[in-house]
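Below: the structure, in structure tokens.
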Ligand SMILES: Nc1nc2c(ncn2[C@@H]2O[C@H](COP(=O)(O)OP(=O)(O)OP(=O)(O)O)[C@@H](O)[C@H]2O)c(=O)[nH]1
Ligand SMILES: [Mg+2]
């Protein structure tokens, strides 16, 4: 399914139903008093975050959401029906802004978190409310209040525990496919991944880690090179970054250069990304001309910069159990 992380929609709540003008007309009760019922309240438009949704795909085909109007009141003090609410489902991590003012109205990060976007109009009061001792036969009732309309901008910032980052072709998606049941596209060309992939790694019944695999970054991504850097919004909320470095042409200098290209791009997007805990995965060890000392030396450099570091092969599976454990412990030890 197509991945879409921006959408504009219009929501409109239901109008309140009109109050009713009516008088009791029963046999043997001449000159009955007013008995016009109230109009029903208009329906609300609500939004709810639902696990299992990962994109705004549905808003491609529907951009206008209207709740039902309230029913009019009727005689014999019968109130009008309340208008039905309209519920919009969005992925976890959806930000809702007022399109005109850019004001943030909601940030839905928890499953089932629900808010009212526009409240339905109140129903009008029936004529029975307007009877007084001096005016016993009010021939008027209130109109229902009109519903409200809002134009909204939706933005998605995925919720994941770990963001997988690196240059194109480093093996990010291969790693995601190893860690989860996700089936991202994998190929030997750069920019195979063009939109983020989410994957969930289960440890046991109630413990899991969610990974976000994003497109590759290249030098100058922040000024639009490659696929740009806007997709970094999807790792903004992760606590840990898993930085995959391709070491198949093993040269410490090249590895450090690749690393720093990505760091520079992260910083250019937002300096806070640099402060995230970053784990280094030296990938493609199966084809790298290295021995243990080379790896130790390389990892030593990263340790010196405060990063955990492991050599792995996303293809053969080497080192992956160790990496899983490391990530799990890191996530578990977070506040
Ligand atoms: N030999 C070897 N090849 C690997 C390994 N991991 C990934 N590859 C290969 O490297 C190529 C790129 O893998 P992807 O997983 O698509 O890389 P990516 O980082 O997601 O690339 P983009 O989506 O383009 O940024 C594919 O041909 C993979 O089969 C590994 O551990 N060893
Ligand atoms: Mg990929």
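Bear in mind that the values in this text are calculations on the coordinates, not laboratory data. This one's a predicted model, so the numbers in the text were calculated from it and none came from an experiment. Reconstructed Cβ throughout: ideal geometry from the backbone, glycine too, with neighbour counts over all protein chains shown.
For this structure, a couple of remarks:
- Hits in the stretch 266-289 (condition: within 14 Å of ligand 1 (Cβ to nearest atom) and buried (at least 17 other Cβ atoms within 10 Å of the Cβ)): 281, 282, 283, 284, 285, 288
- Considered as a group, the residues in the stretch 166-188 that are surrounded by 17 or more Cβ atoms within 10 Å (Cβ to Cβ) and away from ligand 2 (no atom under 11 Å from the Cβ) include one that is farthest from the chain's Cα centre (by Cα), and that residue is 178.
- Residue count for the stretch 219-264, restricted to those that are touching a strand residue (DSSP E or B) at 6+ places or on another chain (Cβ under 9 Å) and closer than 30 Å to residue 91 by Cα: 15.
- Restricting attention to the stretch 211-238 and to residues that are assigned to a loop (DSSP other than H, G, I, E, B) and more than 16 Å from ligand 2 (Cβ to nearest atom), the residue that is surrounded by the most Cβ atoms within 10 Å (Cβ to Cβ) turns out to be 238.
- Residue match in the stretch 144-157 (condition: part of a loop (DSSP other than H, G, I, E, B), under 30 Å from residue 221 (Cβ atoms) and more than 15 Å from ligand 2 (Cβ to nearest atom)): yes
- Of the residues screened, residue 32 is one that is in contact with a strand residue (DSSP E or B) (Cβ under 7 Å, 6 or more places away or on another chain), part of a loop (DSSP other than H, G, I, E, B) and without any contact (Cβ under 8 Å) to a residue 24 or more places away in the chain.
- Every residue from the stretch 191-210 that is surrounded by fewer than 21 Cβ atoms within 10 Å (Cβ to Cβ) and near ligand 2 (Cβ under 9 Å from one of its atoms): 191, 192, 194
- Look at the stretch 173-188: where a residue is under 14 Å from residue 320 (Cβ atoms) and a partner is near ligand 1 (Cβ under 6 Å from one of its atoms) and assigned to a loop (DSSP other than H, G, I, E, B), sitting 6+ places away or on another chain with Cβ atoms under 7 Å, you get 174/186; 174/314; 174/315; 175/314; 177/186; 178/314.
- Output for the stretch 44-61, where each listed residue is assigned to a loop (DSSP other than H, G, I, E, B), in contact (Cβ under 8 Å) with a residue 12 or more places away in the chain and under 23 Å from residue 196 (Cα atoms): 50, 51, 53, 54, 55, 56
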